[in-house]
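The values are calculated or read from the model by the stated rules, or taken from the named source; none is laboratory data. This is a predicted model, so every value here is computed, not measured. Cβ placement follows ideal geometry from the backbone for every residue including glycine, while neighbour counts extend to all protein chains displayed.
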Amino acid sequence: MTRPPRQLSLNLFIHPAGHHEAAWRHPDTQPERIFTADFYTELARTAEAATFDAVFFADGPVLHDGVEFNSVGRLEPLLTLASIAAATERIGLVATASTTFYDPYNLARLFSTLDHLSNGRAGWNIVTTASEDAARNFGLDSHPDHVERYARAAEFVEVVTRLWDSWEDDAVLIDRASGRYADPAKIHDVAFRGKHLRVEGAFNAARSPQGHPVLVQAGASNEGRAFASRYAEAIFTAHQRLADAQAFYADIKAGAEALGRSRDAVKILPGISPFIASTEDEARALEREFNELTVPEYGLRQLEKLTGVRLDHAQLDGPVPAELFADAGDVTDNSRSRLQVVAGIVEREQPTVRGLLHRLAGARGHRVVAGTPEQVADTIEEWFTQGAADGFNVMPPYLPGGLDDFADHVVPILRERGLFRTEYEGTTLRDHLGLERPASQYASPAADPAHALRDASGTDEASDAVGQEEARTAEPVLA
């Protein structure tokens, strides 16, 4: 089959037992395996057999609230992906890592190593970490505010990409006759001095197969959009309605173009969590089966954490008071993006408190679809062809069965419609996403960033400007 000009990207977003908060209680899941390597390698192999672009792990350096009621513990994603890399050949490997709690040189080494060892399949999901509890795990009395976190994040990405570019592509000579392993003239000190970070020397490894790992970001607020438009090559986002997704898609693409980037250099990947069955009634019954396993105490706690809105356990079967969401703002503000998603559900559907908890139990504000394989494929095709998505983060509500159903029944339909590959056409994550391999920014003197945009006090003005732009609004919501 001739490949059409544009094809879907599909990632498997792995959440331990599945994305539904009650998945661990269902007999078709395997929570006893979530701390074992073979559980994740099996999932990755299933996704690779279905030619998914990548597997993705979210993360945070903290034990999340609610461990009494949910399987919230998880393994460190980079080591988990290294294990997956050894058991797979083509599928991309995307890990979340925080710019607040990592050192840039160490993080650059970790992702560069994963990219080398996987032959070019690594991606970094960039987060600043919003959890107050995380700060205390790193010896801090309080969590850095969003202004400081985003100013540091802008510098962090700048310095990490400089480290990855530190060796030009032809720096390694391996000239046995002359005794020269590398050309030091093509290995550069990054000489970065910003307000928050200082890194002087060169990187200690050659450029990795992709040039550098794919840069991913997950956020829909104004500062998240500004950050993504400047740096991200793929964006994970959450939308309930086509119109909202279209508006986000257009805004990000326009923001990238305004910064001199191609629209195609940024891939927009909303989350979708599908309950799949042979009939729509059976799919909805399956969703209800999971919803009936939820623990209201957990759902109420998560709702408050997600939106800042506290609802009363005693009023589970009463209507959600719409006035509690009155300060969410409209969709043009986006400073509280996930709150707006929830406020929209309350306004349109007027649910009971229990009904709202069930609506959010499936994927924390991402779109949940219950239907036949054809109906799930219809939703994916509509969003893809109507300017709302370049692909999707597939978030199975339960694992491994939810992934098996999607791979076995939805993927073949997408292939029949010419929307998704039948086999991998490249070897790297950039190949799968249709992204160009970046040139080293040190490859020509004109592109050398060592002299770029720093004032006499050592401030990196480009990084500072991004930090100021993003600091005008609140923390982006992370998938």
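Filtering the range 18-69 down to residues that are among the aromatic types (Phe, Trp, Tyr) and part of a helix (DSSP H, G or I), which residue is farthest from Ile84 (Cα to Cα)?
Residues of the range 18-69 that are among the aromatic types (Phe, Trp, Tyr), as a first pass: 24, 35, 39-40, 52, 56-57, 69.
Subset that is part of a helix (DSSP H, G or I): 24, 39-40.
Working: Trp24: 22, Phe39: 10, Tyr40: 7 Å.
Residue satisfying both the conditions and the ranking: Trp24.
Hey, which of the helices (runs of 4 or more DSSP H) in the range 318-419, taking only ones fully inside, have at least 1 residues that are at pLDDT 90 or above?
Values: elements: 337-349, 353-361, 373-385, 401-405, 411-416.
Answer list for the range 318-419: 353-361, 373-385, 401-405, 411-416.
Residue-wise test of (1) at pLDDT below 95; (2) within 17 Å of the chain's Cα centre (by Cα); (3) of a type in the set (Asp, Glu); (4) surrounded by fewer than 22 Cβ atoms within 10 Å (Cβ to Cβ).
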{"site": "Phe192", "(1), (2), (3), (4)": "no, no, no, no"}
{"site": "Arg198", "(1), (2), (3), (4)": "no, no, no, yes"}
{"site": "Phe203", "(1), (2), (3), (4)": "no, no, no, no"}
{"site": "Ala238", "(1), (2), (3), (4)": "yes, yes, no, no"}
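Read through the list (1) within 23 Å of Ala122 (Cβ to Cβ); (2) out of contact with any helix residue (DSSP H, G or I) (no Cβ under 7 Å at 6 or more places or on another chain); (3) buried (at least 18 other Cβ atoms within 10 Å of the Cβ), then give the number of the only condition that His19 fails.
(1)
Which number in (1) surrounded by 14 or more Cβ atoms within 10 Å (Cβ to Cβ); (2) under 30 Å from Phe384 (Cα atoms); (3) modelled with pLDDT of 50 or more marks the one condition that Glu475 misses?
Just one mismatch for Glu475, condition (3).
Would you be able to tell me the number of residues in the range 270-304 that are surrounded by fewer than 14 Cβ atoms within 10 Å (Cβ to Cβ) and basic (Lys, Arg)?
Qualifying residue count, the range 270-304: 1.
List, please: which pairs have Cβ atoms under 6 Å, are six or more places apart or on different chains, and start with a residue in the range 142-159 that is closer than 17 Å to Val190 by Cα and end with one that is assigned to a helix (DSSP H, G or I)?
Close Cβ pairs (under 6 Å, with a partner that is assigned to a helix (DSSP H, G or I)) amount to Ala154/Ser463; Ala154/Val466; Ala154/Gly467; Glu155/Ser463; Phe156/Pro104; Val157/Tyr231; Glu158/Ser463; Val159/Pro104.
May I ask you to say which residue of Leu117, Leu93, Leu75, Leu81 is more than 16 Å from Thr161 (Cα to Cα) and touching a Lys or Arg at 6+ places or on another chain (Cβ under 7 Å)?
Working: Leu117 fails: touching a Lys or Arg at 6+ places or on another chain (Cβ under 7 Å); Leu75 fails: touching a Lys or Arg at 6+ places or on another chain (Cβ under 7 Å); Leu81 fails: touching a Lys or Arg at 6+ places or on another chain (Cβ under 7 Å).
Only one candidate qualifies: Leu93.
Could you please find all residues in the range 111-129 being of a type in the set (A, V, I, L, M) and crowded, with 19+ Cβ neighbours inside 10 Å?
Residues of the range 111-129 that are of a type in the set (A, V, I, L, M), as a first pass: 114, 117, 122, 126-127.
Answer for the range 111-129, where residues must be of a type in the set (A, V, I, L, M) and crowded, with 19+ Cβ neighbours inside 10 Å: Leu114, Ala122, Ile126, Val127.
Can you tell me which residue is modelled with the highest pLDDT among those in the range 289-317 that are among the charged types (D, E, K, R) and within 28 Å of the chain's Cα centre (by Cα)?
Going through the range 289-317, the residues among the charged types (D, E, K, R) turn out to be 289, 292, 297, 301, 304-305, 310, 312, 317.
Filter again for within 28 Å of the chain's Cα centre (by Cα), leaving 297, 301, 304-305, 310.
Details: Glu297: 91, Arg301: 86, Glu304: 84, Lys305: 78, Arg310: 83.
Within the range 289-317, the match that is modelled with the highest pLDDT is Glu297.
Checking the conditions here, which among Tyr150, Tyr181 is of a type in the set (Ser, Thr, Tyr), outside any loop (DSSP other than H, G, I, E, B), surrounded by fewer than 22 Cβ atoms within 10 Å (Cβ to Cβ) and on the phi < 0 side of the Ramachandran plot? Explain how you work it out, then say what you get.
Details: Tyr150 fails: surrounded by fewer than 22 Cβ atoms within 10 Å (Cβ to Cβ).
The match here is Tyr181.
Can you name the number of the only condition in (1) touching a residue at least 12 places away in the same chain (Cβ under 8 Å); (2) within 19 Å of Phe203 (Cα to Cα); (3) in a helix (DSSP H, G or I) that Asn106 fails?
In the conditions (1) touching a residue at least 12 places away in the same chain (Cβ under 8 Å); (2) within 19 Å of Phe203 (Cα to Cα); (3) in a helix (DSSP H, G or I), Asn106 misses (1) alone.
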